[in-house]
Amino acid sequence: MTTTRYAALMRGINVGGAKKVPMAELRAVLTGLGHRDVQTYLQSGNAFFTTASGADESALATALEKAVEQHFGFHVDCLVRSGQYLRAVVEACPYPAAELQPKQLHVTYLSAPVTADRFAGVDQGAYLPEEFRLGDRVLYLYLPDGIGRSKLAEALARPALFKGVTTTRNWNTVLKLAEMAQLDAP
């Protein structure tokens, strides 16, 4: 069985005092699921692990959601993505990332693929200079003034556009995710 390195992207933990998940406990939960080389990054729900379980990303995310709920007493949405996928997200960025400030570029990870027609009702011209592009289970967001007051980010967060799990990371974190989820990273 092959060993694969993954990143777990948890949504909405340790924000504003809600859903407190200490990273040491999260690492223990992942280790308890049989994963190895467990690491966390920041306090906002980024974890890395290596596994030879053979389970797919969806099954790994579901197992982690159940374990977190059992351990902490509340549900947390989670996406699990392979290091290879995370590297591909960086490489496929349609914006000149090296020329932009990291706060200007974000990636929203989606739990399932979507097609462009899903976003046909979003009038991109109304939000300029902000814009987005669709990728493989991601939305790339160019937000010149950051995400904090972005009208486009607010419009794209509407549940009617996407009913699955979504979670957004700034470009610095996107790069760190791709780096830490490589197989040679313990």
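Data table
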| quantity | calculated |
| --- | --- |
| Karplus (6.51, -1.76, 1.60) ³J(HN,Hα), θ = phi - 60°, over region 156-165, in Hz, Gly and Pro reported as x | 6, 7, 4, x, 5, 6, 8, 8, x, 7 |
| Signed unit charges on C-beta, dipole axis of the chain, positive-most listed residue Phe132, Val68, Thr173 | Val68 |
| Protein accessible area in region 122-186, 1.4 Å probe - carbon and sulfur % | 51 |
| J(HN,Hα) series, region 113-122, from Karplus relation 6.51 cos²θ - 1.76 cosθ + 1.60, nearest Hz, glycine and proline x | x, 9, 9, 4, 5, 4, 9, 4, x, 8 |
| Added length on full extension, which subtracts the Cα-Cα distance from 0.36 nm per residue, Lys66 to Glu99 | 7.8 nm |
| Nearby aspartates and glutamates by direct alpha-carbon distance to Lys66 (threshold 14 angstrom, same-chain neighbours under 8 apart not counted) | Asp77 |
| Percent carbon-and-sulfur accessible area, region 7-57, ignoring ligands, DNA and RNA, probe 1.4 Å | 51 |
| Gyration tensor (alpha-carbon) shape descriptor, region 1-103, a/c threshold 1.5 | oblate |
| Reported label for calculated Cα extents along the principal axes in Å given [x] 54, 41, 32; [y] 48, 38, 28; [z] 48, 33, 29 | [z] |
| In sequence order, calculated HN-Hα J values of region 53-70 (Karplus, 6.51, -1.76, 1.60; Hz; x Gly/Pro) | 5, x, 6, 7, 4, 5, 5, 5, 5, 4, 4, 5, 4, 5, 5, 5, 4, 5 |
| Prolate/oblate/rounded call for region 80-121, Cα gyration tensor, a/c under 1.5 rounded | oblate |
| Candidates Leu139, Leu42, Leu175, ranked by Gaussian network fluctuation over the chain, Cα under 10 Å, top entry | Leu42 |
| Long-range amide H partners of Thr167 with built H, under 5 Å | Tyr109 |
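The values are calculated or read from the model by the stated rules, or taken from the named source; none is laboratory data. For clarity, every value in this text was computed on a predicted model and none was experimentally measured. Using ideal geometry, Cβ is built from the backbone for each residue, glycine included, and neighbour counts are taken over all protein chains shown. All accessible areas refer to the heavy atoms of the entire protein, side chains included, with ligands and DNA or RNA removed. Shrake-Rupley method; radii C 1.70, N 1.55, O 1.52, S 1.80 Å.
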